[in-house]
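The values are calculated or read from the model by the stated rules, or taken from the named source; none is laboratory data. Here the structure is a predicted model, which is why all the values come from computation and not from measurement. Positions of Cβ are backbone-derived with ideal geometry, glycine not excepted, and every protein chain shown enters the neighbour counts. Keep in mind that these areas ignore ligands, DNA and RNA; they rest on the heavy atoms of the full protein, side chains included. Shrake-Rupley method; radii C 1.70, N 1.55, O 1.52, S 1.80 Å.
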Amino acid sequence: MGAVEKQQRTLATAGTWEYAPSIESREIVTFEDRYGLFIGGEEVAPRSRSWFTTVSPSTEEPLAEIAQAGAKDVARAVDAAREGFDAWSTWKPSERAKVLFRIARILQERARELAVAESLDGGKPIKESRDVDLPLAAAHFFYYAGWADKLEYAFPGRRPRPLGVAAQIVPWNFPLLMLAWKIAPALACGNTVVLKPAETTPLTALLFADVCRQAQVPPGVVNIVTGDGSTGAHLVRNGGVDKVAFTGSTEVGKAIQRELAGRDVPLTLELGGKAANIVFDDCALDQAVEGIVNGIYFNQGHVCCAGSRLLVQESIHDQLVRKLKRRMSTLRVGDPLDKNTDIGAINSKAQLDRIVELVESGTEEGAEVYQPPCRLPEKGWWFAPTIFTNVAQSHRIAQEEIFGPVLSVLTFRTPDEAVEKANNTMYGLSAGIWTEKGSRILWMADRLRAGVVWGNTFNRFDPASPFGGYKESGFGREGGRHGLEAYLRFE
Ligand code: NDP
């Protein structure tokens, strides 16, 4: 066969080329039939005597029965944390550091097991739980282990002291990673914790209880109470907590703030976002396309800092949208345990309904929708990668957090207009800027009301780098030296 003929044949079959499945084995993780609460270093049955089932969102298969903690269970966990605090806070900081280092190393050792559990319970692609969630969770424990005996140096002359019992409530989009963001700094500062994972994703937190046993975390230092929103509400209401840290929706964040009004309990809120990813006509376009795709389709768009509003300079709009659509057609949607998968399952039926409702509002309000052809699995909850063009700033899809794989495209002509449009939101969590001019990145970053601004990249995380919001995206910072401050008082 001649070279030209060979090339013709390759081109002719290119459209039908398919990936062979490469399924990560789920044998590595074994779930109990039933999980109690983790209180005082032991697994205990809930006094509420009530249980619920956690299911895999990609198959709707039940995975385990989970305890639903009531007010009495929460009170028991807070009491255990108080007892734990009396001992833990007197430990030599270097000894506390050893415990955190042990947790970090065990997370690395058990990374594959925890990654599979995360993908099964939450629906996220294994390549993300394996390459992002787990390495970052371990990195957070390593990072804060390093600070544990250096707090005097982090805050010179300010005599840092732990707060006491920290109530921590985390969402379902990064269950183990958000647990690490909360627990690592709290423990490093000498606090103890009662953590409530989200109802739909409790399993990695319960496996983490086992990691704590393995790492010889003293009883009462880490307590885990599972349940729905009411469990979280009991925890916030409990008079024994000295600190509340919450990541989740702005609506629940506001309810927590109201509940704490008049109480001397410090609060950290990490809430929603509607980030602008701003693309200038001088940027490296193909690189920007990758960044846009990562910004919105990573973790099915269940990301508070997702780049869900694409602001593109008018002169390159058509070219960029063409490139984006072509790239979207190569995204693989399906089995979270398949290592080829780019977009996994939507975390719950309720979340899928929310996405569908907002997408319908987009078409009703006049935006133009595009989804690449893709076959969605029959069981489970799925949503195809979606892009809206002709979006107006007033559209709901340009204002509200969709928390799904849906991108809204708007245009601008000048840097000033880009800043104005980017800031035209009640949120202020993150932003991205794509341009070849460093000075323009700095000029823009100065004017954007966002806690994190990425330049020529998106969704980059590092435990040493603080993260948090402006406006209705919340307050307080997690990560870095700033993240310690949320768990300390100063004498
Ligand atoms: P929630 O804010 O309800 O969930 C976050 C956590 O708070 C969960 O552990 C939840 O428990 C708990 N919770 C719920 N109600 C209360 C309460 N009254 N007091 C204390 N804790 C409570 O988010 P949803 O799951 O309802 O998601 C709704 C929307 O929120 C999403 O569509 C998305 O837009 C946004 N969201 C933003 C996140 C972010 O990181 N910024 C994360 C998650 C959601 P349980 O899950 O058991 O109800």
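All conditions but one from (1) within 18 Å of the chain's Cα centre (by Cα); (2) under 20 Å from Asn223 (Cβ atoms); (3) outside any loop (DSSP other than H, G, I, E, B) apply to Ile103; the one that does not is (1).
Of all the numbered requirements in (1) touching a residue at least 60 places away in the same chain (Cβ under 8 Å); (2) of a type in the set (Lys, Arg); (3) within 16 Å of the ligand (Cβ to nearest atom), Arg263 misses one, and that requirement is (1). Of the conditions (1) within 16 Å of the ligand (Cβ to nearest atom); (2) hydroxyl-bearing (Ser, Thr, Tyr); (3) surrounded by 16 or more Cβ atoms within 10 Å (Cβ to Cβ), Thr411 fails just one. Which one is it? Failed condition: (1).
Could you list, in sequence order, all residues of region 126-166 that are in a strand (DSSP E or B) and either of a type in the set (Lys, Arg) or farther than 16 Å from Gly190 by Cβ (or both)? Working first, answer last.
To start, the set of residues in region 126-166 that are in a strand (DSSP E or B) comprises 160-162, 165-166.
Passing the criteria: only Arg161.
For Gly239, the conditions (1) among the small types (Gly, Ala, Ser); (2) open to solvent by 10 Å² or more (accessible area, probe 1.4 Å); (3) within 11 Å of the ligand (Cβ to nearest atom) are fulfilled apart from (3).
Scan region 251-270 and give yes if some residue there is crowded, with 16+ Cβ neighbours inside 10 Å, within 30 Å of Pro415 (Cα to Cα) and under 14 Å from the mean Cα position of the chain (by Cα), otherwise no. Scanning region 251-270, I find at least one residue that is crowded, with 16+ Cβ neighbours inside 10 Å, within 30 Å of Pro415 (Cα to Cα) and under 14 Å from the mean Cα position of the chain (by Cα), so the answer is yes. If only residues of region 202-235 that are within 8 Å of the ligand (Cβ to nearest atom) and buried (at least 24 other Cβ atoms within 10 Å of the Cβ) are counted, the one that is nearest to Phe38 (Cα to Cα) is Gly227.
At least 1 residues that are of a type in the set (S, T, N, Q), more than 16 Å from the ligand (Cβ to nearest atom) and open to solvent by 70 Å² or more (accessible area, probe 1.4 Å) in each: list the helices (runs of 4 or more DSSP H) lying fully within region 278-373 that qualify. Outline the logic, then answer.
Working: elements: 285-297, 317-328, 349-364.
Because the criterion is at least 1 residues that are of a type in the set (S, T, N, Q), more than 16 Å from the ligand (Cβ to nearest atom) and open to solvent by 70 Å² or more (accessible area, probe 1.4 Å), the helices (runs of 4 or more DSSP H) in region 278-373 that meet it are 285-297, 317-328.
I'd like to verify a number: residues in region 414-442 that are within 16 Å of the ligand (Cβ to nearest atom) and buried (at least 17 other Cβ atoms within 10 Å of the Cβ), how many? Working first, answer last.
Residues of region 414-442 that are within 16 Å of the ligand (Cβ to nearest atom), as a first pass: 425-431.
Adding the requirement that they be buried (at least 17 other Cβ atoms within 10 Å of the Cβ) leaves 425, 427-431.
Result for region 414-442: 6.
If you filter region 374-397 down to residues that are away from the ligand (no atom under 15 Å from the Cβ) and buried (at least 22 other Cβ atoms within 10 Å of the Cβ), you find that the one that is farthest from Thr54 (Cα to Cα) is Val391.
Name the residues in region 175-200 that are of a type outside the set (Lys, Arg) and either free of Cβ contacts under 8 Å to residues at least 24 places away in the same chain or within 8 Å of the ligand (Cβ to nearest atom) (or both), would you? Walk me through it before giving the result.
We begin by selecting, within region 175-200, every residue of a type outside the set (Lys, Arg); these are 175-181, 183-195, 197-200.
Of everything in region 175-200, those that are of a type outside the set (Lys, Arg) and either free of Cβ contacts under 8 Å to residues at least 24 places away in the same chain or within 8 Å of the ligand (Cβ to nearest atom) (or both) turn out to be Met178, Pro197, Ala198, Glu199, Thr200.
Checked against (1) crowded, with 21+ Cβ neighbours inside 10 Å; (2) away from the ligand (no atom under 16 Å from the Cβ); (3) closer than 27 Å to Tyr144 by Cα, Gly455 passes all but condition (1).
Within region 428-468, if we keep just the residues that are in contact (Cβ under 8 Å) with a residue 40 or more places away in the chain and of a type in the set (Ser, Thr, Tyr), the residue that is farthest from Glu270 (Cα to Cα) turns out to be Thr435. Those strands (runs of 3 or more DSSP E) of region 384-490 in which at least 3 residues are farther than 25 Å from Tyr297 by Cα, considering only elements entirely within it, cover 488-490.
Does Glu251 satisfy being touching a helix residue (DSSP H, G or I) at 6+ places or on another chain (Cβ under 7 Å), within 13 Å of the ligand (Cβ to nearest atom) and without any contact (Cβ under 8 Å) to a residue 40 or more places away in the chain? If you could, list the steps in order and put the result at the bottom.
Numbers: touching a helix residue (DSSP H, G or I) at 6+ places or on another chain (Cβ under 7 Å): no; within 13 Å of the ligand (Cβ to nearest atom): yes; without any contact (Cβ under 8 Å) to a residue 40 or more places away in the chain: yes.
It is false that Glu251 is touching a helix residue (DSSP H, G or I) at 6+ places or on another chain (Cβ under 7 Å), within 13 Å of the ligand (Cβ to nearest atom) and without any contact (Cβ under 8 Å) to a residue 40 or more places away in the chain.
Cβ-Cβ contacts under 9 Å between residues 6 or more apart (or on different chains), taken from a first residue in region 352-378 that is of a type in the set (Ser, Thr, Tyr) to a second residue that is open to solvent by 30 Å² or more (accessible area, probe 1.4 Å), are listed as Ser361/Arg396; Ser361/Glu400; Thr363/Val369; Tyr370/Lys325. Within region 461-477, can one find any residue that is more than 16 Å from the chain's Cα centre (by Cα) and open to solvent by less than 40 Å² (accessible area, probe 1.4 Å)? Yes.
Within region 21-29, at least one residue is buried (at least 17 other Cβ atoms within 10 Å of the Cβ) and of a type in the set (A, V, I, L, M, F, W, C).
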